[in-house]
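K.L.:
First, the structure itself, so that you have it in front of you.
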């Protein structure tokens, strides 16, 4: 059975002190519930080691980074490598987020290198795909996500692909307050799963967790998560308040 997952993406938010406090709040909240999903917080690089230190039960709360470099080491001032991320105790890394693609020009070639290094260092990639508004309105969303999945990941063996979590982000819904309907989310999640099945077979496709990432909130999480191909969420703004984040976690 594929895993149900709720992962927070803090983006460029919180100071170190604020981030540690938020992580402690989530960690404490998880002590009082038995979540029916894996729970992950993906935090800025500066926070990783300190947040890892305050997680009391790594079985209940996983830690991830928001990115990593496409090089293992070297003269790349300001970059943070997959081995560095892994050395903090993090187990996950978000790769290919739409903001990284849009603002920093990340390409499928770059992302293939990042995925390989993440896997090599024992990190689970949370690999993001999704279309912008113009592509959705032009009815190109299926074509876009199929290209992003195939160009970014289909160089992997079936075994390595099975270690990747996918996150579908309708870019037009991120931070805009707009949300894909549960039916829209299910439609494209099912399409992504069928695309994986064409390449790797039904067993691999059935075991791949596909998260929804586009203004998922406590008010709409249960409806989204009830869909058979929506395996959880990659949560932005709502991950910055413990109560909101836990409201999504407990939506399963």
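None of the figures in this text is laboratory data; all of them are computed from the coordinates on show. Predicted, not measured: the structure shown is a model, and the values here were computed from it. Note: ideal-geometry Cβ built from the backbone for every residue, glycine included; neighbour counts use all protein chains shown.
K.L.:
When the helix-only estimate is applied to the chain (DSSP H runs of n ≥ 4, each -39,500 (n - 2.57), divided by the residue count), what is the mean residue ellipticity at 222 nm, nearest 500 deg cm²/dmol?
P.N.:
That calculation yields -12000 deg cm²/dmol at 222 nm.
K.L.:
Give the calculated FRET efficiency between residue 190 and residue 21 to the nearest 0.05, with a Förster radius of 30 Å applied to their Cβ-Cβ distance.
P.N.:
0.15
K.L.:
Please compute the alpha carbon radius of gyration of region 170-247, then divide it by the globular-protein estimate 2.2 N^0.38 Å. Two decimals is fine.
P.N.:
1.14
K.L.:
Contact order normalised by length for region 22-142, with contacts defined as Cα pairs under 8 Å and 6 or more residues apart; what percent is it?
P.N.:
22 percent
K.L.:
Computed over the Cα atoms of the chain, what is the convex hull's projected area averaged over all directions, in nm²?
P.N.:
12.4 nm²
K.L.:
I would also like to ask the following. With label points built 7 Å along Cα→Cβ from the Cα atoms of residue 46 and residue 183, find their separation and express it in nm.
P.N.:
Modelled inter-label distance: 4.6 nm.
K.L.:
Okay, next question. Using the Kirkwood formula over every pair of different C-alpha atoms, what hydrodynamic radius in Å results for region 139-182?
P.N.:
12.3 Å
K.L.:
Also, quick follow-up: At 7 Å along Cα-to-Cβ for each site, give me the label-to-label distance between residue 203 and residue 142 in nm.
P.N.:
Reported label-point gap for residue 203 and residue 142 is 2.8 nm.
K.L.:
Given a Förster radius of 45 Å and the C-beta distance between residue 2 and residue 76 as r, what FRET efficiency does 1/(1 + (r/R0)^6) yield to the nearest 0.05?
P.N.:
0.80
K.L.:
Would you mind ranking 103, 92, 76, 212 by Cβ crowding within 10 Å, fewest neighbours first?
P.N.:
In increasing order of surrounding Cβ atoms, one gets 103, 76, 92, 212.
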